[in-house]
Structure formats: C-alpha cells, structure tokens
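No value in this document is a laboratory result; all are computed from the given coordinates. A quick note: this is a predicted structure, and the numbers were derived from the prediction, not measured. Ideal geometry is used to build each Cβ from the backbone, glycine not excepted, and the neighbour counts take in all protein chains shown.
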Amino acid sequence: MYNWRKMTESQRSDVMARRRQNRYPWHSPPHRGSESSQYFVTVACYEHLAIIGESAERLAEFEESLPALLEDLTTSIYAWAILPNHYHVLIKTVTILDVLREIGRHHGRTSYKWNGEDNARGRKVWCNALETAIKSERHFWATMNYIHNNPVHHKYVTRWQDWPFCSATLYLEAVGRDEARRRWTGYPVLDLGKAWDPPNL
C-alpha cells in the first residue's frame, strides 16, 4: 500500500497488469496453501492507525480473543504480539485458508464493535492478513525472535517481558533466559528486521 503511493501511473499500470495476469486480488496479498504447516501471519490496521491500541482494555481484550479463536483452528500457537496498530502470530495449521477466513470474520466483528465504541461507523479498520510459510528451522526461530522483539523494536518497552500483550513472558518461562539469548544470537532476524540491538531479557 505504501509503495503504491510512491509509484508513477506507469508503474501502477504495470503492477496491476501483472496481478491480473497471475489472477491475484487487485488490492490485497494473494493467499495460497503451502506444503509447510507453520505460518507467520501479520495484520495491520488500515493506514497503520492505532485502532487496537485505543485503550489498554481493547488491547487486552483482543489479545485474549485472538488466541482463543486460533486455538480451535491450529495445532500450535507458538507466539503472538498484539501492538496498537498491528499484530503478528506464529502458528501451525494444515488449513491456513480456513484460518485466514476465520480471522477475517473476527476482524468484521471487532470492526463493528470498535467503530461503534469510537463513533466511527464506516471506518475501515483492517488491512488483509498476510501469511508467510515457514521455510526452515532457522526461519522459524528468527520469526519467533522477531515477534517477541517487536514491541521493543517499536519502542513501546525496553524488554520483551514488559509488553503485556504478547507471548514473550510465557516463552521466557518455558525456555529460560539463557536459552532465549542463545536463540537470539543463533537465529538473527536478518531481513525480518535489520540493525536491531539484542533485547534486554
């Protein structure tokens, strides 16, 4: 969406022609099944507005409802982070298209509720979900690190466990800080996020 605004009319025409040729949706990412059963799912609020983060209560409510929704649709929910204007989850499922469909329905329900609360009927709340199939063990752990470090990266907190709307505390309790540091060093986020400092675990 953001690159689109920087394109010339000619570049936009080329992009749309390629999307039509490949039968992709015109204005959203294509969703495909994969041989992988592990997926990194990212969703942002429209225009990156902090709609989820309108209040701590809303963040907490969404952080409770999203894993509850995913629990019946996935084999594992490895990690999540809910931020004021976007969220990330790392899951295992053999029915990713079903998961995305149910996430879309959940977005519809939350949009209706929040727009009522904010006196903003008709406001677009969500962009479409973007799923990335996990390709390797290294990709998996780098993604795990990316998710748990995301609140630190966006400067909401200085330590993973200080952000209450994510799975970092559960993760650190499960593996211990020494192992978490080893995985941070051994599985850097690379192109998932460049030039980050190690977290204060």
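If you scale each eigenvalue of the Cα gyration tensor by 5 and take the root, what three semi-axes come out for segment 88-137, rounded to whole angstrom and sorted largest first? Intermediate results must be reported in sequence, preceding the final value.
Values: eigenvalues 161, 22, 13 Å².
For segment 88-137, the semi-axes come out at 28, 11, 8 Å.
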Inset, instruction - Output ³J(HN,Hα) for segment 95-109: one whole-Hz value per residue in order, computed from phi by the Karplus curve 6.51 cos²θ - 1.76 cosθ + 1.60 with θ = phi - 60°, and x for Gly and Pro. - result: 10, 4, 5, 5, 4, 5, 5, 5, 4, x, 5, 5, 4, x, 5
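Compute the relative contact order of segment 31-192 as a whole-number percentage, counting only Cα pairs closer than 8 Å that sit 6 or more residues apart in sequence. Working shown, then result.
Details: 229 pairs, mean separation 46.8, N = 162.
Worked out over segment 31-192, it gives 29 percent.
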Legend entry - Vicinal HN-Hα couplings computed from phi for segment 145-157 (Karplus, 6.51 cos²θ - 1.76 cosθ + 1.60; Hz; Gly/Pro x): 4, 4, 5, 5, 8, 4, x, 5, 4, 8, 6, 7, 9
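I'd like the FRET efficiency for residue 136 and residue 47, computed as 1/(1 + (r/R0)^6) with the beta carbon distance as r and R0 of 25 Å, rounded to 0.05. Show your work: numbers first, answer last.
Working: r = 34 Å, r/R0 = 1.35.
It comes out at approximately 0.15.
Are there trypsin sites (Lys or Arg not before Pro) in segment 31-137 that DSSP puts in a loop and that have at most 14 other Cβ atoms within 10 Å, and which ones?
32, 121, 123, 124, 135
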Inset, instruction - Name the long-range amide H neighbours of residue 38: under 5 Å, sequence gap of 5 or more, or other chain; modelled H, no Pro or chain starts. - result: 93, 134
Inset, instruction - Collect residues whose amide H, placed 1.01 Å from N in the peptide plane, falls under 5 Å from the amide H of residue 86; neighbours closer than 5 in sequence don't count. - result: 45
Legend entry - All-pairs alpha carbon distance profile, segment 31-192, 10 Å steps from 0, percent: 10, 40, 36, 12, 1
Inset, instruction - Report, by chain and number, residues whose modeled amide H sits under 5 Å from the one on residue 78, excluding near sequence neighbours (fewer than 5 apart, same chain). - result: 90, 91, 92
